[in-house]
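Okay, structure first, notes after.
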Amino acid sequence: MSIYDIEVNTITGEKTSLAAYKGKVLLVVNVASKCGLTAQYEQLEALYKEEAAAGFEVLGFPCNQFLGQEPGSEAEIQQFCSLTYDVTFPMFAKIEVNGANRHPLYQALIAAQPKAIKNPDPSFTQKLTEMELLPKDATDIMWNFEKFLIGKDGQVLARFAPDVTVTSAEFTDVLSKAL
């Protein structure tokens, strides 16, 4: 099964698949509105606007699995993203990224890239460790704003830890090769 065959629901409830984005470089991100990393929406939107003409899409998938940091309805999430960060990239319905109800999209993404590229500064991971919030399975999504970069051919090129921003060298090096 290709990544493009996986069904998803838009944030407004329409069924679709990633086939709508075939031939583009995709950045799939599990997002949350009430997280210490939520400000990454600003960088994600800026990158989207900067690279959309080059065939780049950011796809936001809200998830409430990390300390309940995405408690709102799809309409509330959409309103927050629009009013707070002027998000124009595609947003999708809330999903689960870990556990027994992990969405098929995240099953495929994790199978393709079981390990994330980490931030050289270990402070974020140390904080999660101290708070006993790191997932027991090392292949699980660590936290909100973990990112998967998918090439124009549908292959998962890289996975980035939540604290690796889209302006970091770790990310921009891989993105420039993909574009």
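Every read-out reported here was derived from the displayed coordinates using simple, explicitly stated rules and does not represent laboratory data. Since the model is a prediction, treat every value here as computed from it, not as a measurement. When we count neighbours, we look across all protein chains shown, and the Cβ atoms used for this are built from the backbone with ideal geometry, even at glycine.
With a ≥ b ≥ c taken as the square roots of the eigenvalues of the C-alpha gyration tensor of the range 5-80, please select rounded if a/c is under 1.5 and otherwise prolate if a/b is larger than b/c or oblate if it is not? Walk me through the numbers before you get to the answer.
Details: a/c = 2.15, a/b = 1.29, b/c = 1.66.
Because a/c hits 1.5 or more and a/b fails to exceed b/c, the range 5-80 counts as oblate.
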So for the pair GLU130, ALA19, with labels modelled 7 Å out along Cα→Cβ, what separation do we get in nm? 4.9 nm
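Determine the shape class of the range 31-133: with a ≥ b ≥ c the square roots of the Cα gyration tensor eigenvalues, call it rounded for a/c under 1.5, and otherwise prolate if a/b is greater than b/c, oblate otherwise. Kindly include the intermediate steps, with their values, before the conclusion.
Details: a/c = 1.33, a/b = 1.27, b/c = 1.05.
Rounded, because the longest to shortest axis ratio a/c is under 1.5.
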Under the Karplus relation 6.51 cos²θ - 1.76 cosθ + 1.60, θ = phi - 60°, what is the ordered set of whole-Hz ³J(HN,Hα) values for the range 103-111, x standing for Gly and Pro? 4, x, 4, 6, 4, 5, 4, 5, 4
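Just want the ordering: ARG159, ARG102, from fewest to most Cβ atoms lying within 10 Å of their own Cβ. Show your work: numbers first, answer last.
Working: ARG159 21, ARG102 17.
Starting with the residue having the fewest Cβ neighbours, the order is ARG102, ARG159.
For the residues ILE117, ILE110, what sequence is obtained by ranking on other C-beta atoms within 10 Å, fewest first?
Fewest-to-most Cβ neighbours within 10 Å comes out as ILE117, ILE110.
Listing VAL174, VAL87 from the residue with the fewest other Cβ atoms within 10 Å to the one with the most, what is the order?
Values: VAL174 16, VAL87 21.
Neighbour counts put them in this order, fewest first: VAL174, VAL87.
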Sequence order, the range 76-93: Karplus ³J(HN,Hα) from phi using 6.51 cos²θ - 1.76 cosθ + 1.60, θ = phi - 60°, Hz rounded, Gly and Pro as x, gives 5, 4, 4, 5, 4, 4, 5, 6, 8, 10, 6, 5, 10, 6, x, 10, 10, 5
Give the residue list of trypsin sites (Lys or Arg not before Pro) in the range 121-153 that are DSSP loop and have at most 13 other beta-carbon atoms within 10 angstrom. LYS136
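Using a 10 Å Cβ count of at most 11 others and DSSP loop calls, identify the longest part of the chain lacking such GluC sites (Glu not before Pro). Walk me through the numbers before you get to the answer.
Values: sites that count: GLU14, GLU132.
No qualifying site falls inside 15-131, the longest such stretch.
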Which far-off residues, 5 or more places away or on another chain, put their amide H under 5 Å from the one on ILE117, with H placed in the peptide plane? ARG159, PHE160, ALA161
